[in-house]
Structures are given as C-alpha cells and as structure tokens.
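The next block holds one structure in the form of structure tokens; read it before the comments.
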Amino acid sequence: MRENVCATYLEADEIPTSWYNIQADLPVQLPPPLDPTTLKPVDPTLLQRIFSKELVAQEMSTERFIKIPDEVIDAYLALPRPTPLYRARRLEKFLKTPAEIYLKCENYSPTGSHKTNTALAQAYYNKKQGIERLATETGAGQWGTALAMSSNFFDLKCQIYMVSASYYQKPGRKIIAQLYGAEMFPSPSNQTEFGKKLLKENPNNPGTLGIAITEAIEDTLAHENTRYSLGSVLNHVLMHQTIIGLEAKKQFEKIDVQPDIVCGCIGGGSNYAGFCFPFMTDKLKGKTSTEFVACESKAVPHTTRGTYTYDYGDTGKMTPLLKMLTIGHDYKCPPVHAGGLRYHGMAPLLSYLLNNGYAKSVAYNQIEVFKAAEILAKTEGLITAPETAHSIKFVIDKALECKKTNKKCVIAMNYSGHGLLDLSAYEQYLNKKLIEYEPEKIVVPVFKPQT
Ligand SMILES: *Cc1c(COP(=O)(O)O)cnc(C)c1O
C-alpha cells in the first residue's frame, strides 16, 4: 500500500441507506415552533399547507433512523455520492504541523455545495404527494441552483425569490437556475403583496434573505398546489444532510482514524449539523472527548453574540417562531460583507447543542477568512466558497497551535462547497477592497410563548 494516500472513497453499495435523526438522542425534547399570529404551539395542519406532509412528519419525528427512499438514493449516487474524504497533506506540510487535516468534499456536487443532499429529498417527497410547484428564496444562489436542479429532476415547477443585490450583481447562479428551468425573480419583487409594499417605499431595496423568505411563503399560500422549500435551519433539512457525516464516519473507520476535532461553517447550520451529528451521538452519551467547533462570521455573529430565544425566521413575520440562537429577524448585514453566512438565526437543533455546551463556536472577520482561503488555494489548489473558508481559518489556526505544543491531533472539517462562482469576492480581496465589519450593538426582540 502506498503511504501518502490522500483520498478515502466508499463504494456505491457502502452508501448509508438511512438518515440519522439526532432528535432521538437529545436529553430533552426541543421547544415546539410557535404560530406566527397567536404565539401558541403551531398546529401541524398549518405546517402541512407550507411543507409536504412527509417533511412535516420528519420535522417532528423522534425515530433514530429514517430510511432514505430508493429514488433519493439513486439521485445521490448520480451526484455522485459517496463523496471522498480528503487528507490535505500539502496544507499540513506547508504549516509544518503534526496535526492531520481531513476535508469531507461536498464541493463535488454539480451545483458546487452540500445543498443538493436535501434539495433532492424535498423535491422527491413533494412530487410523491402530487405537488406541482415549489417556491423558495435564495441569497447568493447556492440553494436556488440546488432546488432548481432537483425540481427539474423530479418534474416540478420551481419559483425562486433571489435577494435583489445578488440577482443583479452576481448573476452567475441565477443563470444556472434558469438553465435548470426555474423562474427567477429579484426580491423584493412585484410578485407578492409584501414585495410590492417594500418596492413602493424604496424601488432600489437591495433585499435580504428574510424578505425573500416572506415572499416565497406568501407565494406558497396564494397557490394551492405549491409548497415552500427551505434549504437550511429546519430539523428535516439537517437530517437529510447527515448523509455527509454518516459517510465520513465509515471513511474514518476504514482508515482506522478517530477525529479529535469536528468542525465546519455555519449559516443556518445545515452542512455542519449534517457532518457532525453522527459523531455527536457519543458526545451526548458522555462517551467521547471529541471537540465540536462551528465557525461563523463576525459580521453575522448569530451564535457568538446571539440570544437563545423564540424568533421569526423571516422579516415579514410569516414563518412560525423557532427557539434558536438569533441576532433578531430584522438584523441587516451591510453589503460590504462578502463572506456569506448572512442568516440571522441558527438551526434550533444546533442552537440547543451550542447553548448546552456540546459544541462551541468561533467568529472571524472576512479578511482573515479570505487569507486562509488563499493559503488553501496555494497549497491544495482548492478554490473555496467564502462560507466554507471560515472553517479553513479555524483549521489553520488549530494546526499552528498543534505545532507550538507539538501535539498530534486529527481535525475533520466539512468542505461545504467550492468558490468558483465567487470570484468577484476574491477579486475584492486581492485588490485589498474588503473591509472588516462588526455590528456594535445587537438588539433581539422578545416574544413570549402563549399557552
Ligand atoms: C449555503 C451554504 C452554507 C451555509 O448554509 P448552512 O445551512 O449553514 O450549511 C455554507 N457553505 C456553502 C458552500 C453553502 O452553499
């Protein structure tokens, strides 16, 4: 056997056949979502008007493993999955670190990120129920392209509200989604009452993810055979993403290695949760000292400076309230921030784990994040999504710490996506145009649950 092997693969018939539902192993039940108008625990039939029935059932389920339908497995195999586990030996050598650095390669998906893992599952369940059309929002467009591709595969129409600033300034992913057959609108749009109201106040409103979510939900409620689809945050989305961690666990077993640190970046929390939950089971039982570290942006410090409280998922207050770490549904991240990870809240499951000390989080400014991405480009050739690069920054710091203390340590990171469509952000970095930004004050409104 050769010594310097970098990639560990799984055969097609080694692909996991069930998703892992961490709700089965939590010491408590998560606080329920609240109805946006009454602030009482939400009636599941209301949720079924927004999401397909099977997805609502998965959202609430406490079954430990949920079987992946054959049609979805076939779609995973065609992405293709399983994705490799990659050892970044050249980065290790450059850093002269005794640490071992492993990346789980979600960048190999056709749309360039992990998001297809849940998009395919969601499209499948909606189609199976007889739904004809999906509505969703997208920021920079990763989610939009993933859902557009998946809708097309399962023969569904797809309507996407894309944050206006991205729609006009970074049209790459808009074009890709259109190529897959999706209908794209800049948000705020003239397609919804909420959008029309905002455009009347300010025709140049650049939009936010929170506004686009409100529009997609209003669209869903206005069209009988349409359902809404969300690319992160919710329990069922995180569960679909556990295909990543389940594969990685098998790959580590294959090479007889145990990660000491499991890390990743967090926007709404889905890629990191999907990677770390299968490793978290032992931590919940107190059986491992593995460290779990989530990396975010100082411009959107939702877990490092947020409050664990009930909040809306959108600006227009149409979504149910979720108990989560949040910096407030009205939070506005300025356009100077190029690093992504802009959502105001954090997935309730990850919020619970962070709030109870099972995982911790760190925040970085965008210049140090792009610097880390530059090191990875020069050593491994990889062009990293700005979101993913937040975690590269953590990995490099940790590896240098190991060098100082001369400690061997196995670092496992989810490489959530490539940055080949984010070159304007890299151009700003190279031309020293990026500015650091941190909000001074964060005010989170308080909503009290009614019984
Ligand atoms: C969407 C995205 C993220 C952030 O979303 P999560 O739900 O936190 O995973 C991170 N990395 C990439 C490449 C993405 O496309």
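Quick note: the coordinates plus some simple rules give every number you see, no bench work behind them. Every value quoted in this text rests on a predicted model; they were computed, and no experiment measured them. Heads up, the Cβs are rebuilt from the backbone with ideal geometry, glycines too, and the neighbour counts pull from every protein chain shown.
Could you let me know the centre-to-centre spacing of the range 345-380 and the range 208-244, using Cα atoms, in angstrom? One Cα centre to the other: 23 Å. For the chain, the relative contact order is 20 percent, taking Cα pairs closer than 8 Å that sit 6 or more residues apart in sequence and dividing their mean separation by the residue count. Remark: relative contact order (the range 129-213) = 31 percent; criterion is Cα-Cα distance under 8 angstrom and separation of 6 or more residues.
Which residues in the range 432-451 place their backbone N less than 20 Å from a point set 7 Å from the Cα of Lys332 along the Cα-to-Cβ direction? Counting only backbone N, you get 435-446.
Relative contact order for the range 161-254: what percent, with Cα pairs under 8 Å and sequence separation of 6 or more? RCO, the range 161-254: 24 percent. The simple spin-label model puts a point 7 Å past each Cα toward its Cβ; for Thr38 and Ala24 those points are separated by 3.2 nm.
Sparsely packed loop sites in the range 321-399 (the chymotrypsin sites (Phe, Trp or Tyr not before Pro) outside DSSP H, G, I, E and B with at most 16 other Cβ atoms within 10 Å) comprise Tyr358.
Shape of the range 285-407 from its Cα gyration tensor (a ≥ b ≥ c, root eigenvalues): rounded if a/c is under 1.5, otherwise prolate when a/b > b/c, or oblate? Verdict is oblate for the range 285-407. From most to least packed by mean Cβ count within 10 Å, the peptides 209-217, 72-80 give 209-217, 72-80.
Loop-located GluC sites (Glu not before Pro) in the range 1-73 (DSSP state not H, G, I, E or B) with no more than 15 neighbouring Cβ atoms inside 10 Å: Glu3, Glu11, Glu63. Calculated translational diffusion coefficient of the chain (25 °C, 0.890 mPa s; Stokes-Einstein with Kirkwood radius over alpha-carbon pairs) equals 112 µm²/s.
Sites listed here are GluC sites (Glu not before Pro) in the range 352-451 whose DSSP assignment is loop and whose Cβ has at most 10 other Cβ atoms within 10 Å: Glu440. Pairs of lysines in the range 1-153 whose Cα atoms sit within less than 22 Å of one another amount to 13, provided the residues are eight or more positions apart or on different chains.
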